[in-house]
Amino acid sequence: MTAHPLIQVIGLRKAFGGHVVLDDVSLEVRAGEAVALLGPNGAGKTTLLRILATLLRPSRGVARVAGYDCLRQAERVRAHMGLLAHGAWVYEDLTPFENLKFWATLGGLPHGRDALNGALAAVELDRVADERVRTLSLGMKRRLALARFVLARPPVLLLDEPFAGIDQRAGKWLDGHLGAFKAAGSAILMTTHSFGRGLGVADRIAILAAGRVAHDTPLGALTLDDVRRLYELHAEDGA
């Protein structure tokens, strides 16, 4: 692992009017590390990801991605991270090939036929490359979104509920591919409010409650029951 974290949050606060969503949040994720951010709905998980993705401005504190400040160096941050928002965020009336070509062209990435077909093959969508996206399952749409990361190879992945709504087979596939990104040195921060999903690839869990990181610990040998007990102790008490 590198000496410096690829994701760094220090004393982060975000308020919407008088409603404080994040309050003095600090968190780090290093290269080759995946952190699962747990917490109930409304805990501030998505807000934190949106700040790191430069989609929201923090009220106070520091957020850095790959060493770049999310507020002052937003363009550089965007060039070094990939965001998978809740939902697939794909164009339903285009084909997977057309979606990927659009994203690649917009992002200044390789968009020749060989590069695009290679990325689709990497996420096992080459057989449906010319089908309309609206005919694909949610799991396949998530794969299409991940194909962007195959092209861009960002050092930081921000994933908002990536396992929501997909079946067990698709979940195992996603686990394996996120593990490959991690093995290649990417830092992964993913949100979830369900136990079991995503923990297979996570090295640490951070529990967000009442706008604060209530607990941050290596996953190590923790069982699913251990994680559930920690969640009940910290998240539910802080709700």
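The values are calculated or read from the model by the stated rules, or taken from the named source; none is laboratory data. Since the model is a prediction, treat every value here as computed from it, not as a measurement. Cβ coordinates were reconstructed from backbone atoms using ideal geometry, including for glycine residues, and neighbour counts include every protein chain displayed.
Side notes on the structure shown:
- Test: residue in the range 224-238 that is crowded, with 19+ Cβ neighbours inside 10 Å, under 29 Å from L55 (Cα atoms) and at pLDDT 85 or above: yes
- Of the residues L178, L189, L144, the single one that is crowded, with 22+ Cβ neighbours inside 10 Å and at pLDDT 95 or above is L189.
- Per this entry, Q8 is not counted among residues that are over 17 Å from R212 (Cα atoms), at pLDDT 95 or above and out of contact with any Phe, Trp or Tyr (no Cβ under 7 Å at 6 or more places or on another chain).
- Of the helices (runs of 4 or more DSSP H) lying entirely inside the range 131-239, those containing at least 3 residues that are among the small types (G, A, S) are 138-152, 168-183.
- Scanning the range 154-173 for residues that are under 14 Å from the mean Cα position of the chain (by Cα) and surrounded by fewer than 19 Cβ atoms within 10 Å (Cβ to Cβ) turns up just one, A164.
- Applying the criterion of being under 14 Å from the mean Cα position of the chain (by Cα) and not in a strand (DSSP E or B) to the residues of the range 33-51, the residue that is nearest to G220 (Cα to Cα) is E33.
- No other residue among Y91, Y68 is over 18 Å from L22 (Cβ atoms) and at pLDDT 95 or above apart from Y68.
- Condition check for G61: over 21 Å from D203 (Cβ atoms), small (G, A, S) and touching an Asp or Glu at 6+ places or on another chain (Cβ under 9 Å): yes
- L109 vs. criteria at pLDDT 90 or above and either under 21 Å from A170 (Cα atoms) or in contact with a helix residue (DSSP H, G or I) (Cβ under 6 Å, 6 or more places away or on another chain) (or both): no
- The set of residues in the range 1-43 being among the acidic types (D, E) and closer than 22 Å to A79 by Cβ consists of E28, E33.
- Considered as a group, the residues in the range 68-99 that are over 19 Å from the mean Cα position of the chain (by Cα) and not in a loop (DSSP other than H, G, I, E, B) include one that is surrounded by the most Cβ atoms within 10 Å (Cβ to Cβ), and that residue is P96.
- Leading residue by the ranking (surrounded by the fewest Cβ atoms within 10 Å (Cβ to Cβ)) among those in the range 48-62 that are closer than 16 Å to A79 by Cα and among the aliphatic types (A, V, I, L, M): L55
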